[in-house]
Amino acid sequence: MTVNTMRCAVLGAFSLGLLATCGLDAADEQSGTVVEAATATTLGAGAAQSGRYFGAAIAAPKLTDSAYTTIANREFNMVTAENEMKIDATEPNQNQFNFTNGDRVFNWAVQNGKRVRGHTLAWHSQQPQWMQNLSGSALRSAMINHINGVLAHYRGRMAYWDVVNEAFADGSGGGRRDSNLQRTGNDWIEVAFRTARAADPTPKLCYNDYNIEDWNAAKTQGVFNLVRDFKARGVPIDCVGFQAHFGAGGMPANFQTTLSNFAALNVDVAITELDIASAGTTAYSNVTKACLNVARCVGITVWGVRDSDSWRSGENPLLFTGAGDKKPAYTSVLDALNAASGGGGSISINAGGSATGSFVADVGFSGGNTFSTTNAINTSQVPAPVPPQAVFQTERYGEFTYTLAGFTPGTAKSVTLYFQESFWSGPGQRTFNVAINGATMLTAFDIFAQAGGANRGIARSFNTTANASGQVVIQFTRGGGPDNPKVCGISVN
């Protein structure tokens with residue numbers, strides 16, 4: 001019985017409704033033996049199979065629309081209030097908080113078994129007029145007071161908070177947006193995060209922005225440098241949200257690399273406001289797969305339910321038509337979610353190199369150096385699916401460790417390591433050890449000898465279990481060998 005089958009069998013014992021997501025083989029139906037798990041039939045259930053969520057932005061005025069709430073309740077397991085928790089809604093007059101509509105969205109979500117992502121505490125836009133009239137220390141104090149007031153109301157009840165929204169400028173510079181908050185001092189973002197953590201230690205605290213999906217964009221690099229600095233100095237940031245408002249062409253080709261590189265800073269990443277002009281089937285499935293391929297991508301939220309609910313309604317950017325019908329893009333997303341492995345996703349890494357094919361740029365390592373070759377590598381011994389040639393032409397060498405996080409603790413994982421020997425021309429010149437989560441997997445491993453020559457790719461696969469922290473830790477040590485360990489690629493599934 002597979003893990004998913006076991007999950008279905010157990011859940012089915014508690015809820016007849018959940019049996020709709022589990023299948024019985026016709027030959028065994030009378031005995032009641034569950035022999036295979038059927039695919040999930042909703043977005044939320046599909047995402048939950050890999051420990052993720054699939055959410056939607058919900059607007060309080062639409063909660064009286066039964067067609068709207070039927071889809072929202074059926075399909076999504078995370079909720080973001082579209083406007084009801086923003087600054088102008090929650091503190092329309094200074095020191096006078098109003099949570100009426102925010103609570104409408106929050107209560108609807110909780111009553112229907114969904115978690116909530118708070119959006120947003122500090123932002124240059126949608127400020128009430130009284131806040132726009134402030135500056136300097138008065139504005140800084142007002143920002144701190146607002147964060148404290150909102151978090152006091154929702155203390156201990158939120159899964160995530162977008163603490164700061166859209167603080168970086170568009171354009172080529174990659175610098176901060178010239179907002180009234182920025183003019184209170186360059187430390188305003190740090191102050192916002194520290195204030196939020198002191199006010200409520202429960203939720204994960206996030207930075208959220210748009211046009212930061214392209215790894216090569218200056219704005220992306222500006223945000224990356226901020227997060228890296230915050231993590232180095234202990235500023236309490238837990239996650240980064242990528243709004244993902246895409247045109248008809250969909251995501252940048254390197255979006256998965258962006259997600260992986262941010263995740264390597266030890267933060268969760270999430271797609272927080274997804275909509276794609278014309279809702280292309282491939283465009284939507286590619287975004288879904290990019291998240292699924294990054295272990296620390298915790299979930300996806302679409303910005304609205306039906307096309308008619310979207311702020312971009314003229315572009316038909318969502319998964320449901322205005323009439324509430326599922327689009328082909330819906331099916332492509334659900335298929336991708338169902339195809340994902342359990343245990344928090346998978347990741348493939350081009351050790352020592354940049355992103356290529358389904359392999360992301362080198363991430364998650366500590367120690368070691370990089371090297372590349374132009375030699376053609378014979379991959380005839382490598383089992384399918386064979387990584388791109390570029391994976392075998394780069395390497396990380398030395399004594400080093402990969403710490404790959406974001407998996408569900410205790411779940412079974414398969415680790416495949418890819419090697420080739422392009423430096424030495426005989427056996428016995430390089431031997432080394434490999435341990436995974438503390439268990440020795442390879443001892444005195446000799447790539448040349450195992451491959452039967454130079455420039456010949458090989459792969460070795462091992463079964464392991466994600467540790468209590470949801471990590472797969474892979475250590476490469478010399479163990480007294482004559483030369484450094486090396487690896488070309490790593491896949492964890």
So Asn98, is it among the polar types (S, T, N, Q), surrounded by fewer than 23 Cβ atoms within 10 Å (Cβ to Cβ) and modelled with pLDDT under 95: no
Checklist (1) of a type outside the set (A, V, I, L, M); (2) in a loop (DSSP other than H, G, I, E, B); (3) in contact with a Cys (Cβ under 7 Å, 6 or more places away or on another chain) applied to Trp311, failing item: (3)
Positions within region 140-169 being surrounded by fewer than 20 Cβ atoms within 10 Å (Cβ to Cβ) and over 20 Å from Gly102 (Cβ atoms), in sequence order: Arg140, Ser141, Ala169
Subset of region 259-285 (residues that are within 11 Å of the chain's Cα centre (by Cα), among the hydroxyl-bearing types (Ser, Thr, Tyr) and part of a helix (DSSP H, G or I)): Ser260
Residue in region 237-245 that is surrounded by 18 or more Cβ atoms within 10 Å (Cβ to Cβ), in the same structural domain as Met158 (by TED's automatic domain parsing) and part of a helix (DSSP H, G or I) present: no
Odd one out for Gln256, checked against (1) surrounded by 24 or more Cβ atoms within 10 Å (Cβ to Cβ); (2) among the polar types (S, T, N, Q); (3) in a loop (DSSP other than H, G, I, E, B): (3)
Given (1) surrounded by fewer than 21 Cβ atoms within 10 Å (Cβ to Cβ); (2) in contact (Cβ under 8 Å) with a residue 60 or more places away in the chain; (3) over 23 Å from the mean Cα position of the chain (by Cα), number of the condition Gly51 does not satisfy: (3)
Flag for Trp311 being aromatic (Phe, Trp, Tyr), touching a residue at least 60 places away in the same chain (Cβ under 8 Å) and within 14 Å of His245 (Cβ to Cβ): no
Hits in region 222-236 - residues which are surrounded by 18 or more Cβ atoms within 10 Å (Cβ to Cβ) and outside any helix (DSSP H, G or I): Val235
Residue within region 322-340 that is buried (at least 22 other Cβ atoms within 10 Å of the Cβ), over 20 Å from Ile71 (Cβ atoms) and not basic (Lys, Arg) present: yes
Residue among Asn433, Asn375 that is surrounded by fewer than 16 Cβ atoms within 10 Å (Cβ to Cβ), modelled with pLDDT of 95 or more and not charged (D, E, K, R): Asn375
Condition check for Ala384: free of Cβ contacts under 8 Å to residues at least 24 places away in the same chain, over 14 Å from Val492 (Cβ atoms), surrounded by fewer than 19 Cβ atoms within 10 Å (Cβ to Cβ) and small (Gly, Ala, Ser): yes
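The values are calculated or read from the model by the stated rules, or taken from the named source; none is laboratory data. As the structure is a computational prediction, the values presented were derived from the model and not from experiment. When we count neighbours, we look across all protein chains shown, and the Cβ atoms used for this are built from the backbone with ideal geometry, even at glycine.
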